[in-house]
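Notes to accompany the following structure.
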Amino acid sequence: MRVIAHLLVVNTIVLLAASANAAEPAARISPGQVDQLIVNSLSDTEAQAVVDDEQFLRRLSLDLIGRQPTPEESTRFAADENPERRAAVIDQLLDSEEFGTHWAHYWRDTISARVPPPELTFLNYDLFQQWLAAELNANHSWADITRAILTGTGPIKQNPAATFVGYHQGNAVKLGAETARVFLGLQLQCAECHDHPFDDWQREEFHQMAAFFARSAGKLGKVQDGTGTIVSDRGKGEYRMPNALDVKKPGSAMRPTLMTGEGLPLGKPDMARRQRLANLITLPDNPWFARAYVNRIWAKLMGRGFYEPVDDMGPYKDHLLPEVHEALTAHFLATDYDIKDLFRIILATDAYQRRLPNTQSDDNLLAAGTTAERLRGDVIYDALFMATGLPNVKGEQAPATKAFRFPPPPKSTRELVVEAFAADPSLPEEEQPRTMGQAMFLMNNTQLQAQINAAPESDTQLSRLLIAYPKNRAAIEQLFLQVLARQPTEQETTIATKHIQKVGNRNAAFEDLLWGLVNTVEFTTR
């Protein structure tokens with residue numbers, strides 16, 4: 001059985017590696033070719049029409065820079081007569097510093113979501129996010145970024161790339177599992193205690209992966225926010241797989257080996273192990289690395305991945321649009337893991353730019369275009385800032401007492417919103433948390449309520465809008481642009497106008513409108 005399972009794994013690897021090795025310049029693909037592959041795969045599906053410019057700009061802005069367009073940006077785009085304006089705005093947003101910040105937060109959430117919180121230390125990923133944002137904005141290849149993360153060493157304050165290893169405190173088991181999950185899209189940790197029950201991964205393969213981190217050490221510093229963490233070499237020791245019958249009893253030393261069978265001998269120092277792992281993972285003939293990244297980006301832009309969840313690309317998992325997945329992976333390899341180029345290809349497709357399907361029951365229709373998705377917490381804060389001017393106020397540090405010796409660092413408004421709407425990017429959309437607390441935050445949060453004030457003396461964004469637009473129709477249109485990045489329909493304008501007349505108090509009526517728009521599903525949905 002072990003031999004048969006191993007042959008199945010090898011055959012899978014060979015087939016996928018052959019596809020990857022075909023990634024020569026001829027493997028590059030155009031947006032039109034991606035669309036044609038989708039049509040060929042879903043021949044019986046009538047595709048949705050492409051969205052209008054207003055809807056496209058909001059969707060694109062949320063996906064690339066994590067916020068809706070400003071009223072000025074919406075108006076400018078609507079007036080642009082350039083037939084290539086969509087391609088131009090894609091390039092513009094990819095070149096924006098906000099692109100790196102937004103997508104660094106995505107990867108921050110991806111990595112931090114499964115990191116167990118240590119005792120008496122509060123992990124702070126801000127330095128890691130700032131470093132990664134700069135890497136993404138410079139369009140460094142995904143292979144270079146991954147190598148930096150896996151080989152990061154020294155103090156996190158000086159080398160934020162070391163955060164991944166440091167915040168796992170050099171734990172070989174956790175690092176082996178998370179490296180496979182985040183960078184290879186594989187749930188290898190399911191083989192920690194026994195052979196994988198649903199895939200071909202053997203127990204030995206998991207522990208051989210963990211052995212790459214046998215000498216990694218991550219010492220948390222005394223600074224409570226975690227930035228005092230230092231990654232170093234333990235100096236000696238090997239990783240030993242626990243005895244199968246008694247997990248507390250160590251077995252033989254495991255040679256650091258990737259699932260492809262490549263590795264390095266025992267006795268090597270920490271950096272040699274991690275550098276070897278990073279190089280093996282990012283080789284063009286690695287059958288999972290490029291496919292895992294393409295799967296994640298497609299899932300985020302299109303609402304569902306080629307594999308769901310995105311970190312479980314096992315050989316027996318359902319594979320949606322495999323021809324499209326492999327073609328985009330070959331293109332990604334042909335461009336030497338060019339991140340922005342991959343975004344540009346997907347965003348320029350008709351599939352990305354189509355209207356949302358009218359039904360959630362037609363799998364073919366859902367696969368043919370993008371789908372709706374709840375916004376993450378960081379994006380919702382930016383949406384609230386755009387809609388209401390919600391300020392990012394930092395809380396005060398609670399004093400240490402005998403009863404409460406280690407009070408947590410104070411949270412800012414942004415952090416409170418991110419916490420309330422926390423999401424694990426690796427989970428499918430239907431598994432993302434929907435809580436009463438999220439709804440109550442938008443309805444009743446004290447700081448947010450203070451911004452929904454139209455009195456002139458409040459000097460809120462709403463009060464300034466009403467002064468600048470004394471005519472109700474113009475004010476309604478501007479409010480919709482600020483909150484939902486679109487013009488209201490005639491029906492919405494009529495309803496809003498009747499409400500203003502019914503209330504009889506312009507300020508109070510517009511407060512109702514702003515509160516109502518912020519609490520719509522549309523406001524928190526991409």
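The values are calculated or read from the model by the stated rules, or taken from the named source; none is laboratory data. Given the structure is predicted, the values throughout are model-derived calculations rather than measurements. Every residue, glycine among them, receives a Cβ derived from its backbone with ideal geometry; neighbour counts consider all protein chains shown. We work out accessible area using only protein heavy atoms, side chains counted, and drop any ligands, DNA or RNA first. Shrake-Rupley method; radii C 1.70, N 1.55, O 1.52, S 1.80 Å.
Give me, ordered by chain and number, the residues 5 or more places off Gly251 or on other chains with an amide H under 5 Å from its own placed amide H.
Correct list: Met241, Asn243.
Whole angstrom only: what separates the Cα centroid of the range 499-526 from the Cα centroid of the range 233-307?
Each part's Cα centre sits 52 Å from the other's.
Can you give the angle from 0 to 90° between the axis of helix 53-65 and the longest principal axis of the chain, with both taken from C-alpha atoms, to the nearest 10?
40
For a 18 Å ceiling on Cα separation, which of these pairs sit above it: Lys300/Lys411; Lys219/Lys394; Lys157/Lys219; Lys222/Lys394?
Lys300/Lys411; Lys219/Lys394; Lys222/Lys394
What percentages, rounded to whole numbers, describe P(r) for the chain computed over all alpha carbon pairs with 20 Å bin width beginning at zero?
Histogram of Cα-Cα distances, whole percents per bin: 20, 50, 26, 4, 0.
Once phi is turned into θ = phi - 60°, what whole-Hz ³J(HN,Hα) does the Karplus curve with 6.51, -1.76 and 1.60 give for every residue of the range 155-171, x standing for Gly and Pro?
x, 4, 4, 9, 9, x, 4, 6, 4, 4, 6, x, 6, 8, 6, x, 6
I'd like the carbon and sulfur percentage of the solvent accessible area for the range 399-526, probe radius 1.4 Å, heavy atoms only, ligands and nucleic acids excluded.
Numbers: 4000 of 6910 Å².
For the range 399-526, the apolar C and S fraction of the accessible surface comes to 58 percent.
I want the local charge near Met302. Using Cβ-Cβ distances under 13 Å, sum +1 for each Lys or Arg and -1 for each Asp or Glu among the other residues.
Surrounding charge for Met302 is 0.
For Lys411, enumerate residues with amide H under 5 Å from its amide H, sequence gap 5+ or separate chain, H modeled in the peptide plane.
Placed amide hydrogens put Gly395 under 5 Å from Lys411.
Summing +1 for each Lys or Arg and -1 for each Asp or Glu, what net charge is found among the other residues whose Cβ lies under 15 Å from the Cβ of Lys411?
Net charge in that neighbourhood comes out at -4.
What range in the chain is the longest one free of chymotrypsin sites (Phe, Trp or Tyr not before Pro) that are in a loop by DSSP and have at most 11 other Cβ atoms within 10 angstrom?
So the longest stretch without any such site is 1-315.
Stokes-Einstein D for the range 43-84 at 25 °C, 0.890 mPa s, Kirkwood Rh over Cα pairs, in µm²/s?
It diffuses with D of about 209 µm²/s by this estimate.
Just to confirm a number: summing +1 for Lys and Arg and -1 for Asp and Glu over residues other than Arg273 whose beta-carbon lies under 14 angstrom from that of Arg273, what do you get? Please list the in-between numbers first.
On the way: positive: Arg147, Arg215, Arg234, Lys236, Arg255, Lys268, Arg274, Arg276; negative: Asp233, Glu238, Glu262, Asp270.
With Lys, Arg at +1 and Asp, Glu at -1, the neighbours total +4.
So how tilted is helix 85-94 from the main axis of the chain? Cα-based, degrees 0 to 90, rounded to 10.
For 85-94 against the chain, the angle is about 60 degrees.
Probe of 1.4 angstrom, ligands and nucleic acids ignored: what's the accessible area per residue over the chain, in square angstrom?
Value for the chain: 45 Å² per residue.
With axes computed from alpha carbons, what is the tilt in degrees of helix 97-112 against the longest principal axis of the chain, rounded to the nearest 10 within 0 to 90?
Between the helix axis and the principal axis of the chain, the angle is about 50 degrees.
In debye, nearest 20: dipole of the chain around its Cα centre with unit charges on the Cβ of K, R (+) and D, E (-)?
On the way: 53 positive and 66 negative charges, 416 e Å.
My answer is approximately 2000 debye.
What longest region of the chain stays clear of GluC sites (Glu not before Pro) that DSSP places outside H, G, I, E and B and that have at most 14 other Cβ atoms within 10 Å?
Details: sites that count: Glu46, Glu81, Glu84, Glu119, Glu262, Glu396.
In short, 120-261.
For the range 234-393, what class follows from the C-alpha gyration tensor (a ≥ b ≥ c being the square roots of its eigenvalues): rounded when a/c is under 1.5, otherwise prolate if a/b is larger than b/c, else oblate? Walk me through the intermediate numbers first.
Numbers: a/c = 2.13, a/b = 1.75, b/c = 1.22.
Note, shape of the range 234-393 comes out prolate.
Evaluate the distance, in nm, between pseudo-label points positioned 7 Å from the Cα of Asp144 and of Gln447 along their respective Cα→Cβ axes.
It is 3.7 nm.
Which value in nm describes the separation of the simple spin-label points at Thr489 and Lys219, placed 7 Å from the Cα toward the beta carbon?
6.4
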